[in-house]
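The values are calculated or read from the model by the stated rules, or taken from the named source; none is laboratory data. Because the structure is predicted, anything quoted here is derived from the model rather than measured. Cβ placement follows ideal geometry from the backbone for every residue including glycine, while neighbour counts extend to all protein chains displayed. For the accessible areas, the whole protein counts, side chains as well, though only heavy atoms, and no ligand, DNA or RNA atoms are used. Shrake-Rupley method; radii C 1.70, N 1.55, O 1.52, S 1.80 Å.
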Amino acid sequence: MKQRVISGVIIALITIAAVLLGGVFFNVVACFIAAWGSYEFCNTRNRKINWFEFIFMLGFVVLINLFFDKALGILLALAVLLIGLAVFDESINFDDVSVSFIESIILGFGLHYMIEIEFLSKWMFGYIVIIAYLTDVFALLTGMKFGKHKLNERISPKKTIEGAIGGWICGALLSFLYALCFHFFYMDVLFIAMCSLILPIVSQIGDLAFSLIKRHFKIKDFSKLIPGHGGLLDRLDSMLFVLLIYGALAIAIGIY
């Protein structure tokens with residue numbers, strides 16, 4: 001527990017520094033997430049990591065952030081290249097490349113919106129962090145206090161419906177109050193209100209989705225990078241999904 005607390009404090013300090021300092025420090029953190037996140041995704045298969053698969057995944061993550069306006073073409077090229085790997089490399093099967101394709105989209109587009117949001121407003125990025133982490137914290141606390149009915153025992157036996165509702169309410173309320181303090185980042189109030197209602201739910205779906213990936217591949221954590229917590233993706237699961245759906249909502253109403 002002590003190790004977990006110390007690691008948690010370090011993670012919190014790095015996150016706060018990324019929000020407050022931005023610029024070069026933020027970009028260094030983003031580059032590390034791209035590289036190590038790609039490694040962790042490729043290392044889930046209970047086999048020796050295939051470095052060609054890793055290079056393709058990392059290359060896609062980098063390309064999608066450099067040439068986002070060419071995203072469709074990059075996606076099509078990635079699909080062909082990954083299937084080509086399965087054709088010519090006996091150690092890779094179709095299931096592997098299918099999972100790699102989905103994981104590349106999650107990491108690549110998630111990082112793009114992380115960088116985009118920080119560029120527009122570091123306080124807006126803080127808003128995303130609050131939704132992802134406070135929803136998780138209050139879901140845990142509410143579940144411990146009031147939890148009786150299992151949310152999804154097949155994937156996460158400890159999560160409860162009561163905890164999920166508590167996390168959603170607290171995440172929505174606290175994120176909206178935070179946005180209010182910063183004048184809703186000079187964006188449409190209704191859009192921010194919609195995000196505060198929807199994204200805490202998405203955060204919890206992201207947590208469950210990454211748990212599903214781990215259960216499918218029969219692994220406990222994505223890596224042992226963070227003592228007491230597991231891998232980088234074990235801490236970024238909710239945030240990546242929040243970033244993806246925030247990006248989708250922003251595109252839908254014409255912000256991007």
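Using the structure shown, decide if Thr135 is touching a residue at least 12 places away in the same chain (Cβ under 8 Å) and farther than 30 Å from Ile255 by Cα. Considered against the rule, which asks whether it is touching a residue at least 12 places away in the same chain (Cβ under 8 Å) and farther than 30 Å from Ile255 by Cα, Thr135 comes out as no. Inspect the range 113-127 for any residue being without any contact (Cβ under 8 Å) to a residue 40 or more places away in the chain, part of a helix (DSSP H, G or I) and more than 27 Å from Met194 (Cα to Cα) and give the result as yes or no. The answer is no, given that none of the residues of the range 113-127 is without any contact (Cβ under 8 Å) to a residue 40 or more places away in the chain, part of a helix (DSSP H, G or I) and more than 27 Å from Met194 (Cα to Cα).
Taking the range 29-44, which residues are at pLDDT below 90 and either under 12 Å from Leu58 (Cα atoms) or open to solvent by 80 Å² or more (accessible area, probe 1.4 Å) (or both)? Those that are at pLDDT below 90 and either under 12 Å from Leu58 (Cα atoms) or open to solvent by 80 Å² or more (accessible area, probe 1.4 Å) (or both): Phe41, Cys42.
Does any residue of the range 84-96 turn out to be within 21 Å of the chain's Cα centre (by Cα) and either within 21 Å of Ile205 (Cα to Cα) or in contact (Cβ under 8 Å) with a residue 60 or more places away in the chain (or both)? No, the range 84-96 contains no residue that is within 21 Å of the chain's Cα centre (by Cα) and either within 21 Å of Ile205 (Cα to Cα) or in contact (Cβ under 8 Å) with a residue 60 or more places away in the chain (or both).
Condition check for Phe101 on (1) modelled with pLDDT under 90; (2) hydrophobic (A, V, I, L, M, F, W, C); (3) closer than 20 Å to Leu208 by Cβ: one failure, at (3). Of all residues in the range 77-102, those satisfying the criterion of being farther than 14 Å from Thr44 by Cβ and small (Gly, Ala, Ser) are Ala77, Ala79, Gly84, Ala86, Ser91.
For the structure I just gave you, tell me whether Ser211 is touching a strand residue (DSSP E or B) at 6+ places or on another chain (Cβ under 6 Å) and either hydrophobic (A, V, I, L, M, F, W, C) or in contact (Cβ under 8 Å) with a residue 24 or more places away in the chain (or both). In short, yes.
Ile128 falls short on exactly one of the conditions (1) over 14 Å from the mean Cα position of the chain (by Cα); (2) hydrophobic (A, V, I, L, M, F, W, C); (3) closer than 30 Å to Leu58 by Cα, and that condition is (1). Among the criteria (1) out of contact with any Gly (no Cβ under 6 Å at 6 or more places or on another chain); (2) open to solvent by 40 Å² or more (accessible area, probe 1.4 Å); (3) in contact (Cβ under 8 Å) with a residue 12 or more places away in the chain, the one Val189 does not fulfil is (3). A count restricted to the range 60-85 and to residues that are open to solvent by 30 Å² or more (accessible area, probe 1.4 Å) and small (Gly, Ala, Ser) stands at 3. Residues of the range 196-211 that are of a type outside the set (Val, Ile, Thr) and under 15 Å from Leu240 (Cα atoms): Leu199, Pro200, Ser203, Gln204, Gly206, Asp207, Leu208, Ala209, Phe210, Ser211. Residues in the range 215-256 that are in contact (Cβ under 8 Å) with a residue 12 or more places away in the chain, of a type in the set (D, E, K, R) and either open to solvent by 30 Å² or more (accessible area, probe 1.4 Å) or part of a loop (DSSP other than H, G, I, E, B) (or both): Arg215, Lys218, Asp221, Arg235. Tell me, yes or no, whether the range 160-168 has at least one residue that is in a loop (DSSP other than H, G, I, E, B) and surrounded by fewer than 21 Cβ atoms within 10 Å (Cβ to Cβ). No - not one qualifying residue is present in the range 160-168.
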